[in-house]
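**Q** I'd like to ask you about the structure that follows.
The values are calculated or read from the model by the stated rules, or taken from the named source; none is laboratory data. This one's a predicted model, so the numbers in the text were calculated from it and none came from an experiment. Please note: Cβ atoms are built from the backbone with ideal geometry, for glycine as well, and neighbour counts cover all protein chains shown. Just so you know, the surface numbers come from the protein's heavy atoms only, side chains and all, with ligands and any DNA or RNA stripped out. Shrake-Rupley method; radii C 1.70, N 1.55, O 1.52, S 1.80 Å.
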Amino acid sequence: MNSSMIKNRLIRFLSLFLIPFCLIISTYLLAPSIIYSAPDELIVSAAASLKDSLEEIKPIYLKKQANLNLTYNFGSSGSLQQQIKQGAPVDVFMSAAKKQMDALQDKGLLSDGTRKNLLKNQMVLIVPKNNTTIKSFQDLATDKSKKIAMGEPQSVPAGQYAQELLTSLGLLNKVTDKVVYAKDVRQVLSYVATGNVDAGFVYLTDAKTSNKVKIVATASPNTHSPIIYLIAVIKDSKNLNEAKNYVEFLSSERAKTIFKKYGFTPI
């Protein structure tokens, strides 16, 4: 075999195998990279009494947000306020009282122009479904009740409103020894629903979520501070624009309809 034949065979080999191989490699290397972006994270710290309404609102809001993770952190407004003050990663705060929102604003922790009054609520007295003896606030001061649940007034707005109510009615000193304090209003609801206490102070919206309790009295608005829920974006939010969008959505007609369903009055 002469050198010319060897050369021709080598050329054929290259054209049949190496060239297609090189084309495949070059196509792979030059192809545009596919970049997968991590979903945005939005963390909302909200008063425990908002749990059911916000959980229903969540999937509706996320339908319009293709790349968002929405996480709720529910608890007493006071404990949530302290978490934010201590640097917890929170984007939006929803408080059941003005006191906790004021505290964060005084510390310069709220994003300018985002604070707003969102909802109103009512304070009610509930008892277990089968209780037939307690029918009014005044019954709490009699032997018809032995244990009464309410939120811790310093950190739970519902507890603060209940304390104001009892003071206004001249009952506080008469029932102090009966009071069982709870970490948030949902714990009060649980204590009553399970029969661990004879009565408890919760919001109207909480009472409507359980078929194991019944409302026996509703507080007059002039017996306690106005029950106003406030919302604001936290200044150090890592997702400021999305946080503002979420706050705006909660004022939309769609969100208001759901809040009304649970007993809230939109402002």
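**Q** How big is the antiparallel share of DSSP beta bridges in the chain, given as a percent to the nearest 5?
**A** Values: 20 of 37 bridges.
Beta bridges within the chain, antiparallel portion: roughly 55 percent.
**Q** Just grab the label-to-label distance for Q65 and N222, each label 7 Å out from Cα along the Cβ direction, in nm (one decimal).
**A** The two pseudo-label positions are separated by 4.3 nm.
**Q** Leaving out ligands and nucleic acids, note down the accessible area per residue over the stretch 132-267 with a 1.4 angstrom probe, in whole Å².
**A** Details: 6480 Å² over 136 residues.
Heavy-atom accessible area per residue stands at 48 Å².
**Q** List the lysines whose Cα lies under 16 Å from the Cα of K51, skipping any in the same chain that are fewer than 8 positions away.
**A** Within the straight-line cut-off, K51 pairs with K120, K183, K208, K256, K260, K261.
**Q** Calculated FRET efficiency, Q154 and E248, Cβ-Cβ r, R0 30 Å, to nearest 0.05?
**A** 0.40
**Q** Would you compute, for the Cα atoms of the chain, the largest minus smallest coordinate along each principal axis and list the three values in descending order, in whole Å?
**A** Sorted largest first, the three principal extents are 120, 42, 34 Å.
**Q** Right, another one. Is there a quick way to get the dipole size of the chain? I mean about its Cα centre, with the Cβ of Lys and Arg at +1 and of Asp and Glu at -1; what is the value in debye to the nearest 20?
**A** Working: 33 positive and 21 negative charges, 138 e Å.
Roughly 660 debye for the chain.
**Q** How much length, in nm to one decimal, is gained on full extension between K238 and A88, taken as 0.36 nm per residue of separation minus their Cα-Cα distance?
**A** Values: separation 150, 0.36 × 150 = 54.00 nm, distance 1.17 nm.
Value of the extension gain: 52.8 nm.
**Q** Between T167 and T194, how high is the FRET efficiency from 1/(1 + (r/R0)^6) when r is the Cβ-Cβ distance and R₀ = 22 Å? Nearest 0.05. Before the final figure, lay out each step's value.
**A** Numbers: r = 28 Å, r/R0 = 1.27.
Efficiency, rounded to the nearest 0.05: 0.20.
**Q** A further question on this structure: To the nearest 20 debye, what charge dipole does the stretch 112-267 have about its Cα centre, counting +1 at the Cβ of each Lys and Arg and -1 at the Cβ of each Asp and Glu? Mind showing how you got there, number by number?
**A** Details: 22 positive and 13 negative charges, 88 e Å.
It comes to approximately 420 debye.
**Q** Given a Förster radius of 51 Å and the C-beta distance between T142 and D102 as r, what FRET efficiency does 1/(1 + (r/R0)^6) yield to the nearest 0.05? Each step should come with its number before you reach the end.
**A** Working: r = 38 Å, r/R0 = 0.74.
Here the calculated transfer efficiency is 0.85.
**Q** Could you rank R186, R254, R115 by how accessible they are, 1.4 Å probe, largest area first? Don't jump to the answer; show the numbers that get you there.
**A** Details: R186 50, R254 120, R115 75 Å².
If we order R186, R254, R115 from most to least accessible, we get R254, R115, R186.
**Q** Once fully extended, how much extra length lies between E56 and K214, figured as 0.36 nm per residue of separation less the alpha-carbon to alpha-carbon distance?
**A** Numbers: separation 158, 0.36 × 158 = 56.88 nm, distance 2.33 nm.
Length gained, E56 through K214: 54.5 nm.
**Q** What's the carbon and sulfur percent of the chain's accessible surface, probe 1.4 angstrom, rounded to a whole number? Could the numbers behind the result be given before it?
**A** Details: 7800 of 14430 Å².
Carbon plus sulfur share of accessible area: 54 percent.
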